[in-house]
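What follows is calculated from the coordinates using simple rules that are stated; it is not laboratory data. Since the structure is predicted, the reported quantities are computational estimates derived from the model, not experimental observations. Virtual Cβ from ideal backbone geometry, glycine too; neighbours counted across all protein chains shown.
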Amino acid sequence: MSQTNSSLLDEVVQWSQETCRQELKSVLPKLTSLHNNSESWDDHIRVLKIITDMFLPHIGLSELEDECFSKILPKAVTMFDRMMKEIMDQVGGLSSQSTELCSLLRSILQAMMQIINALSTCVRHVGSFEETPDIDAIRSLPTCILKVLRETFQHCKESEVVYCGRLSLVADLLQGLFKEAYSLQKALLELLEPISLDSSASEEEVSDIVTVIHNLLDICSIISNLDMAMHANTWKFVIKQSLKYQSLVEEHLHHGDISSSLCDNLLASFLTSVELAEQITHAGLQESTQSPEYKLFQKTAKMCRFFANTLIHYIKEFKCFLTKYCNSFHQLYLQIMSKFPPSLCAPALPPALSGELHAAALVPIDAFLLQLLPLRPFAEIVLQQDLRLSPEHELPHCLLLVNVLGQLSSQPEEVLQLWYSGSHFSEETPRLPLYQALFTSFRRCYTERQVPVLLPGVMMKGQAQVQVSLHNHLCVQLCASVAALPPVFLRVLERCLVQMVLQADAQTALLATDVWCFTARYGTAELCLHHVVLVAQLVKACTTECYQSLHLGLLLKRMVFLMTPEHQMELLARFPPSEVENLSVWRHVLLRALSQDARHRVETDIISLAQKALTDWQNGGYKLGQVDKMNTVLRPLLAVVRVQTSPEDQCVLSALRVLTQLWLRMSPEQVQSQPALHCTLQLLLSISAVLVKNIEPQVICQALLCVDAVVSQPCADQLTLAALEFLSSLGKIFVPSDSQSQILPRLSGLFGAMLSDRSWPLHQHALEAFSHFAEITNHEEVISQSLCVEETKAKVVNYLSKTVNAREHVESRLQRIKLEKAVIEKHNERLESDKENASDRLTAETLAAEAGADSEPCPKKARQEFCAEEEFSRYVTTAESALKALQALTERTSPPTPPPWLESRLQELQTILTHIRTATHTS
């Protein structure tokens, strides 16, 4: 600085306030020029302090911007930036030994504090006027101050990294710098608070307000971890100013930055609260509400609640500008919900901490969702067909859909259409109907269903609320939604229920069945009839044993209970049980659901068909090609006998005659070699288990021979289960003494073999069947003879005494279930997309088309042409195999003694062969 300028400054500092006021016009331009031209920090700060302390008090509000602020504040910001840069350049060499460098850095920090003090003086002067200033009267002030504040807070935030372990050398000054900046920001916000703009504001004024909001937004991101109170107050000002000038600034604001920053702060404060709650729990401090840890948790939870409410308010006011950011809102919802029970990722917390977290985040999240419901982009994201979520977000997404379902009842028609209907046109972004999305989401929650997770149930009749499974929770919510569903959306619901019943996952199909039954029950009797007829048509369209047939059969079984007697008779008229093609329907109906007249007709028709089928099979020589027809009538015959109560009932006697004749024609050797008879054997065993008290001993003996023939080799699980059901039922009877030698040893042998099964589901069923038999039988010798193997005996004893050998660890079990999920999903996908069995696979579309057709009923499947060569080959191969086995038995080095009847039986076979040769030559 020149000597002249120095003399001027020396002179000015001696002036009184009156002299400064009088010389303002002449001296201020010189001082501002000196300020802008000064190079050293000392000169710059010296001039700045003179201007702000001595001359600023005499400048009027109307002249502040043009005469002072616009001329000195930009230079002050420049000098501040240079000081910050100098610190960053020099701090690398700082150490306790480098006293000169330490002194330099401390002097720079002190100079920076002086600049901040000067800016504070400017703010205080503007605030001293009684009138509220216009924004253009102080345009340079907020802009320059916010730049300085941002740099200051950023430096303080990064101080530990910047000073590399030597922070203690300047910590006092940094602390003072932060306090001064904190006070400056507080004063600036108080100054800007009363300023207002009307609709006639210029573009420059609007731009100034927008700049202030965006600069404060930048500061918010910096101070988030520095001071909670300042952080919250800054955000309050940002949101308040955005709403205050909403009509002026809404098109200029960076809505994406504001909303994403609110989401980030909400999530960060929430996760910090959860972490603190876990630490308090592990340290056992939850009872000490006055501990520093607990108070910090409460402050953090309060910040969480603040950000949640702020975000909700912001979305409410600027909804139309936030459609691009719905994916962030969806992810935020999932991340928060994943930390609350029943999520498997949620920490176990005591009620007090859990309650505070609940109030801080979970309560506002419902209001948050309510604001998002009208947004089409949000619905499109939530209802994506192939939504890819991490495993921990599957359950939160499912609960999100449940919450949407619960909030729709209060929404206008266009919102209901958005969520319930799904997309219809190719130009739309594809989205599922809400019901379909919910069922699909439930299907993906395999792990949570297996654990199972528990949710609050419905309080009923004043009793305490209980925890229920996810299935139960969803069922209640879905049924409540159906009860309030506008009729226009019933078609969408029906289509969804058909699709869900016909998909492969059994529990999802069961949930759809539950909801469908409620729909039929809640609606009119005519609607129930309509649904039963539809399901019955779908059952008829299932031409094979498939998972769709099982799901539909369960639905039909339950829905017939809901029909009026008149409508049951109408069902009989539409699907007469006297016609074979309708038996696939009646095999699924529980006859006790029918009225007395309907039940009698069904029983009579089914018994008649069974007797006719047996006669036809007998007349046809019991050909294997006719076995499917016999199985067709045996399935509904099983449904008939299961509801009979009197052994003297005509139905029981008729069924018993059919059963006896069939058993006496079942050859163990043929059953063993012909898999086509396995289904027949399974049905006979199930029917016999019901009628066991009426069956003759020789029939039981024949049944045991057949069971022995098939269980000695790999067979279907369903057949094994039917065999166990039959064996268990034998405990109800007393075997006559003349038959005990034939029945009891074989019975104990079968139990012993099945109890040693290595498949754990079959082994469990075997234990249950054996324990039931042991409880009621009079033949206790069977029990001991079945347990000849010590390992088997130990397992049975453990089962009966309910002894658990080893408990699976919770984490191990969870990991096992997660591994099972992939296997089950792959299996279900294969069932639904197996192209090799496409003819046996029925989708909702094909079934609905077949069921809804008004044309004549589908003709029977065309009979395959008889192939003589294949028939001859099959029977000759079977005979050849049996004779070779007999030959090997007689040619052993130590052959067993042949039974006396062997020679005569071989002679009979020789005679048969001679007749065959004769017939062949004759033909």
Length gained when the stretch Lys240-Thr19 is fully extended (0.36 nm per residue, less Cα-Cα span): 75.2 nm
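Quick one: of Lys795/Lys818; Lys157/Lys339; Lys49/Lys75, which pairs are farther than 18 Å apart, Cα to Cα?
Details: Lys795/Lys818 28 Å; Lys157/Lys339 29 Å; Lys49/Lys75 13 Å.
Cα-Cα > 18 Å for Lys795/Lys818; Lys157/Lys339; rest within.
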Length-normalised contact order of the stretch 8-71 in % [C-alpha pairs under 8 Å, at least 6 apart]: 38
Cα→Cβ-extended label distance, 7 Å offset, between Ala348 and Val580, nm: 6.2
Set of lysines with alpha-carbon distance to Lys732 below 18 Å, sequence-local pairs under 8 removed: Lys693
J(HN,Hα) series, the stretch 359-376, from Karplus relation 6.51 cos²θ - 1.76 cosθ + 1.60, nearest Hz, glycine and proline x: 5, 6, 10, 6, 5, x, 5, 5, 5, 4, 5, 4, 5, 8, 3, x, 7, 4
Aspartates and glutamates with Cα under 19 Å of Lys821, excluding same-chain neighbours fewer than 8 positions away: Asp386, Glu392, Glu394, Glu448, Asp505, Glu808, Glu811, Glu829, Glu832
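Under 1.5 on a/c is rounded, so check that first for the chain, then, if it is not, pick prolate when a/b is larger than b/c and oblate when it is not; a ≥ b ≥ c are the square roots of the alpha carbon gyration tensor eigenvalues. Present the calculation step by step, with values, prior to reporting the outcome.
Values: a/c = 3.73, a/b = 2.76, b/c = 1.35.
Prolate, since a/c reaches 1.5 and a/b exceeds b/c.
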Candidate lysines for bridging to Lys612, where Cα separation is under 24 Å - those fewer than 8 sequence places away on the same chain excluded: Lys540, Lys623, Lys629, Lys860, Lys861
3J(HN,Hα) from dihedral phi, the stretch 144-152, Karplus parametrisation 6.51/-1.76/1.60, rounded to Hz, x for glycine, proline: 5, 5, 5, 5, 5, 4, 4, 5, 5
Contact order normalised by residue count of the chain, Cα under 8 Å, 6+ apart, percent: 6
Whole-Hz ³J(HN,Hα) from phi, Karplus 6.51 cos²θ - 1.76 cosθ + 1.60, for the stretch 290-302, glycine and proline x: 9, 6, x, 5, 5, 5, 5, 4, 5, 5, 5, 5, 5
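Divide by every residue of the chain the summed helix terms, -39500 (n - 2.57) for each DSSP H run of at least 4, and state the resulting mean residue ellipticity at 222 nm, rounded to the nearest 500 deg cm²/dmol.
Details: 44 runs with 628 residues, N = 923.
Theoretical 222 nm ellipticity from helices: -22000 deg cm²/dmol.
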